[in-house]
1. Can you give the calculated 222 nm mean residue ellipticity of the chain, where each DSSP H run of n ≥ 4 adds -39,500 (n - 2.57) and the sum is split over every residue, rounded to the nearest 500 deg cm²/dmol?
2. Tell me, what is the per residue accessible area of the chain in Å², probe radius 1.4 Å?
3. Probe radius 1.4 Å, ligands and nucleic acids ignored: give me the carbon and sulfur share of the accessible area of the chain as a rounded percent.
4. Positive end of the charge dipole of the chain (Lys, Arg +1 and Asp, Glu -1 on Cβ, about the Cα centre): tell me which of 354, 268, 297 has its Cα farthest that way.
5. Residue 316: net charge of surrounding residues, Cβ under 13 Å, Lys/Arg +1, Asp/Glu -1, itself excluded?
6. Report, by chain and number, residues whose modeled amide H sits under 5 Å from the one on residue 376, excluding near sequence neighbours (fewer than 5 apart, same chain).
7. Positive end of the dipole of the chain, charges at C-beta (+1 Lys, Arg; -1 Asp, Glu), about the Cα centre: which of 375, 212, 226 has its Cα farthest in that direction?
8. Scanning the chain for trypsin sites (Lys or Arg not before Pro) in DSSP loops with at most 16 other Cβ atoms within 10 Å, what's the longest stretch left with none?
Amino acid sequence: MSLTNYKVAFDNAYEEVFQKVLVAKKIANTRFKSDLRFGGSVERFSYDISGVRVRTVTRGAASTIDTVTDSNELLTVNLEKEAVFHISDGEVTQTGPLNPGEVIGGQVAIKVALDLDGRVFNEVTNAFQTFDNGDLTTLASTGTPITLSSTTVPQMVSRMPAKLRRGANQEIMTNMVLVIDSFGASDVVQYLLGKNIDLAGSVFKNGYTGDISNAQVYVSEKLKSTAALTSTGTFSDGETVTINGVVFTFKTTLGATAGQVLIGANEAASQTNLTALINAPGTTTAQGVALASADQLTITDALGLTSVASAHASTLTGVGSGRLIVSQTCANATWNKNYIHAYFGKKGAIDLVVQDLSSVDMRTTPDRRGTNVFSSYLAGIKTFADGAKKFLDVWIAA
């Protein structure tokens, strides 16, 4: 296969797979534009009619004129991401019946689409309202995630539209979607009799799996996550905290072993040291030893993890991480919260603009036989004020 044919095959496969895999394409108000520039902005106007009242008519008296206000918000184009790899001349010309451009183009497209999905679903926490365990039986959230069961699934499905409609001033609820992960979708199937959700076939249908009573169901493994390690006392030498297989070990004295966290003078100092290593996993300091290279990539790339420390907790947020798998061996600490942020609401409530997918950039390397292949995207994402009222941040226990 020639490089020209490789490029054509890559471009075709990349765009086709990207368009079919990107869940956000169906959920967000997605626009592909050719004239985007990094740092540029897209302006959007909205109207506020909250000051308009329905009043009693007084005959012979002048009517009271209420005011409709307008405002504008800006979506900034500030996401510029790329996937770059090298392919040797031999890999292009000696692959036999295998079409490397088509195969690699499709695989890279999946990686890029998943990355963009994670960033779009990071917006779910900008919802005007959350929906959690308290909303299943009362009119208020309590801060406790929902554990899906034969009781809670029917409650959740029936009450989510009620809360959203109430918070959106009784706006007509059409084009509704629920975006949840595979485990959540399987629980919906299990606990809602007669619902047939096709997980296997959802991959190349932008995550669409089927319908429930009031919404289409989409599956994404790139939902945002939250987990909190809460402590009630000091940490002891050798105690561990594990996040998706990455082990952090508390030590009274640091050695050379990767992932060691210094036990501080008090509980808060230890939490601060743990958070510092999570946020900078490749940096060794007097308070922690850098993680191994593979574990660094797990924390930064696979999980998009950041942490915030307080006196008694390290609260983790994963962008595009999906469910976190956490454990600990600490006598005075426990993971008291671990949940994902599912999306329930109207299609188009989050705005996404993406530069039209351009042809792959291929550059011959001067120091070895082969070609560097550059594929990228330029995008901007924003939840406008009126959009935030059109969906719920649904807390599902992991």
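The values are calculated or read from the model by the stated rules, or taken from the named source; none is laboratory data. If you're wondering where the values come from, they're calculated on a predicted model, not measured in any experiment. Counting neighbours? That spans all protein chains shown, and the Cβs are built from the backbone with ideal geometry, glycine included. For the accessible areas, the whole protein counts, side chains as well, though only heavy atoms, and no ligand, DNA or RNA atoms are used. Shrake-Rupley method; radii C 1.70, N 1.55, O 1.52, S 1.80 Å.
1. -7500 deg cm²/dmol
2. 48 Å²
3. Reported share for carbon and sulfur atoms: 51 percent.
4. Result: 354.
5. Working: positive: 224, 323, 337; negative: none.
Overall, the nearby charge balance is +3.
6. Amide H neighbours of residue 376: 83.
7. Sorting the options by dipole projection puts first 212.
8. Numbers: sites that count: 37, 53, 55, 59, 205, 368, 369.
My reading of the result: 206-367 is the longest stretch.
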